[in-house]
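Asker: Submitted below is the structure of interest, expressed as structure tokens.
The values are calculated or read from the model by the stated rules, or taken from the named source; none is laboratory data. Fair warning: this is a prediction, and the values are worked out from it, not measured in the lab. Note that each Cβ is placed from the backbone with ideal geometry, even for glycine, and that neighbours are counted across all protein chains shown. Side chains included, ligands, DNA and RNA excluded: accessible areas come from the protein's heavy atoms. Shrake-Rupley method; radii C 1.70, N 1.55, O 1.52, S 1.80 Å.
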Amino acid sequence: MNKMYITLLCCFVLITAMLWLNGKQDSEAEVQKLLSKWDNGEITSEQKAKAIAELQRYWAKNPELTSEQVQQLSRFITVFEADGFQLMEYIENPEIYGASARESYHIVLHQGVVQILDQKGSLRVDEMLKRDDNLYYIYATDYKMGALTGLRMFSIGIDEDQQLKLTSLIDKEPLDPEVVYDERSEILYAREGHIYVEDIKDRGAKVTIQAGASRLVLELGKEGRYTLSRNELNL
């Protein structure tokens with residue numbers, strides 16, 4: 001009797017495991033199918049929304065996936081990771097949608113909770129770092145204006161309810177004459193040419209940026225915002 005019970009239990013566990021594995025494979029195949037169509041420009045706006053929802057659902061059901069496994073879903077997915085906090089970035093194929101018109105999507109995974117950070121944006125994340133417990137700094141390039149890139153720096157804070165709070169890290173005053181800050185979009189632009197992060201030191205305490213022909217240093221103040229402290233070098 002005991003042997004029969006053990007045999008039945010083993011069969012039940014095996015069947016359950018097989019059903020779970022098949023379900024996971026089917027879900028992964030569906031996500032890859034939708035993303036493949038998206039990568040090749042064969043998708044509608046409604047299908048885009050479905051693809052992001054399926055991607056979010058798949059990641060939430062499989063939080064144990066490594067960054068490399070998630071990136072295998074599409075060649076246009078990049079995953080940034082810092083101490084268990086993961087940020088997934090999907091940017092549309094520039095050859096299909098255009099370098100400045102392509103949309104960006106960002107999804108966050110933290111302690112098993114998956115949340116959409118933004119949709120239909122124009123950000124390409126350059127760097128992410130952990131600043132403190134439940135506090136992460138993001139440095140990103142905004143490419144909406146094709147001939148003039150912008151720089152966005154913001155923090156992602158996580159409260160006790162796992163809700164995300166985004167806060168701009170740029171102090172709009174005082175500003176260097178070489179740059180201008182768009183308060184509405186929270187994006188920093190060079191008055192002439194492109195702008196980008198060149199170097200980050202001391203866990204974000206000091207950031208060097210290239211703004212047009214000038215190299216500028218940003219220092220993190222006590223209130224958690226960067227000020228453009230000095231022009232380090234004119235090229």
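Asker: How many nm separate the modelled label positions at residue 119 and residue 165, each set 7 Å beyond the Cα in the direction of the Cβ?
Answerer: 2.5
Asker: Let me ask another. From the square roots a ≥ b ≥ c of the eigenvalues of the alpha-carbon gyration tensor of segment 174-216, which class results: rounded (a/c under 1.5), prolate (a/b over b/c), or oblate?
Answerer: oblate
Asker: Quick check: residue separation of residue 44 and residue 100 times 0.36 nm, minus the Cα distance between them. What number comes out in nm?
Answerer: Contour length minus the Cα-Cα distance gives 18.2 nm.
Asker: Heavy-atom accessible area of residue 124 with all protein chains present, probe 1.4 Å, nearest 10 Å²?
Answerer: Per-residue accessible area (residue 124): approximately 90 Å².
Asker: If you roll a 1.4 angstrom probe over the protein chains with everything in place, what fraction of the accessible area of the chain belongs to carbon and sulfur, to the nearest %?
Answerer: Working: 6650 of 13200 Å².
C and S atoms contribute 50 percent here.
Asker: Follow-up. Under the Kirkwood approximation for Rh and a Cα-based Rg, what ratio Rg/Rh is obtained for segment 111-172?
Answerer: Rg/Rh for segment 111-172 comes to 1.00.
Asker: Next question. Could you calculate the contour length gain from residue 78 to residue 229, that is, 0.36 nm times the residue separation minus the distance between their Cα atoms, to one decimal place in nm?
Answerer: Gain in length upon complete extension: 51.1 nm.
Asker: Something else now. Where only protein heavy atoms count, and the probe is 1.4 Å, what is the accessible area per residue for the chain in Å²? Can you show the working numbers first?
Answerer: Numbers: 13200 Å² over 235 residues.
Spelled out: the 1.4 Å probe surface of the chain, per residue, equals 56 Å².
Asker: What is the distance, in nm, between label points placed 7 Å from the Cα along the Cα-to-Cβ direction at residue 135 and at residue 213?
Answerer: 3.9
Asker: Also, I was wondering about something else. Let me check I've understood the local charge: for residue 79, count other residues with C-beta under 12 angstrom from its C-beta, Lys and Arg +1, Asp and Glu -1. What total comes out?
Answerer: Here the count lands on -3.
Asker: Still on this structure, please answer the following. Taking the full set of protein chains and a 1.4 angstrom probe, give the accessible area of residue 200 in square angstrom, rounded to the nearest 10.
Answerer: 50
Asker: Given N residues in segment 53-92, what is Rg(Cα) / (2.2 N^0.38 Å)?
Answerer: 1.08
Asker: Pick out, from 47, 99, 66, the residue whose Cα sits farthest towards the positive end of the charge dipole of segment 34-103, with +1 on the Cβ of Lys and Arg and -1 on the Cβ of Asp and Glu.
Answerer: The residue sitting farthest along the positive end of the dipole is 47.
Asker: Once the Cβ-Cβ distance between residue 184 and residue 111 is put in as r, and R0 is 41 Å, what FRET efficiency do you end up with, to the nearest 0.05?
Answerer: Taking R0 as 41 Å, the efficiency between residue 184 and residue 111 is 0.80.
Asker: Assuming 0.36 nm per residue, please report the length gained on full extension of the stretch residue 222 to residue 57 beyond their Cα-Cα distance.
Answerer: Once the chain is fully extended between residue 222 and residue 57, it gains 55.5 nm.
Asker: List, largest first, the extents of the alpha carbons of segment 58-134 along their principal axes, each in whole Å.
Answerer: 37, 26, 18
Asker: Let me ask another. Convert each backbone phi in segment 184-195 into a coupling constant with the Karplus relation 6.51 cos²θ - 1.76 cosθ + 1.60 (shift: θ = phi - 60°), then list the ³J(HN,Hα) values in order as whole Hz, x for Gly and Pro.
Answerer: Ordered by residue, 3J(HN,Hα) equals 5, 8, 6, 10, 9, 10, 7, 5, 9, x, 8, 9 Hz.
Asker: Further question: Return one number: the angle in degrees, 0 to 90 and rounded to the nearest 10, between the long axis of the Cα atoms of helix 2-39 and the longest principal axis of the Cα atoms of the chain.
Answerer: 40
Asker: Mind checking the angle between helix 45-61 and the chain's longest principal axis? C-alpha axes, 0 to 90 degrees, to the nearest 10.
Answerer: Once rounded, the angle reads 70 degrees.
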